[in-house]
Amino acid sequence: MISSRDTVKVAIQKAAKKKVFIEGNFVKLFAESSDEDVRSYINECKRRDQANRKKRLAITKQVQQQNSELENAAIINKSLILELQQSLEKLEMSKKEAEQLRDEAVEDLETIQKRTQFELIGTIVKVALWVIVGVGVLTTAMYGLALISGTDTQIIGSTWSNMFGILLTNAFSIVGTIMGVKYATEKD
């Protein structure tokens, strides 16, 4: 217990000059006094100590409440981050699936185009060969008729030979052009 008059008087002087009071558990150590100044000082110290304790308690409660709110916000934030990551993963998967579907569609389109081109080329080659064979057969039949009928075949023979040369040249030219176009349009 603090009961020395000198100690209490020094504390009273400090309180008067600098507005500094004893607080906390030291207040409980003051002995009761009959001196009115000492009693008013002790009561003021107790009052201030209670007020400061209430302020500290209020601040502690406020800090605890804010900490609780921050913890809840952190939990919500973590769940949102997880949802965002899952959404991004789904988006990446959807993007890969879309690219795969696009690649398959492009491949199917190229296959259809190549098949159509191949069929068109086949049709052109067949028609050209039929024309060449038809002209060749017709020219040969006319040359054969001229031979059988006994007419002069000197002019018809050279014409027949030239005709076959031209037909063969044209046949190879058509086939070569078609094959060149086919290979020129391929990407590889």
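Taken together, the values in this text are just the output of simple stated rules run on the coordinates, not laboratory data. On a predicted model such as this, the values are computed, not experimentally measured, just so you know. Note that we place each Cβ from the backbone using ideal geometry, even for glycine, and neighbour counts take in every protein chain shown.
Odds and ends about this structure:
- Among residues of segment 159-175 that are free of Cβ contacts under 8 Å to residues at least 24 places away in the same chain, none has a beta-carbon under 6 Å from a residue that is hydrophobic (A, V, I, L, M, F, W, C) and loosely packed, with under 12 Cβ neighbours inside 10 Å at least six positions away or on a different chain.
- Qualifying residue in segment 69-82 (condition: surrounded by 10 or more Cβ atoms within 10 Å (Cβ to Cβ) and either in contact (Cβ under 8 Å) with a residue 12 or more places away in the chain or closer than 30 Å to G24 by Cα (or both)): no
- Extreme residue, farthest from the chain's Cα centre (by Cα), among residues of segment 114-143 that are closer than 19 Å to F172 by Cβ and of a type in the set (S, T, Y): T139
- The number of residues in segment 143-158 being surrounded by 14 or more Cβ atoms within 10 Å (Cβ to Cβ) and either touching a residue at least 12 places away in the same chain (Cβ under 8 Å) or part of a helix (DSSP H, G or I) (or both) comes to 3.
- Check on E44, of a type in the set (D, E) and without any contact (Cβ under 8 Å) to a residue 24 or more places away in the chain: no
- Residue count for segment 115-157, restricted to those that are more than 28 Å from T177 (Cβ to Cβ) and not hydrophobic (A, V, I, L, M, F, W, C): 9
- Scanning segment 31-68 for residues being surrounded by fewer than 10 Cβ atoms within 10 Å (Cβ to Cβ) and in a helix (DSSP H, G or I) gives a total of 1.
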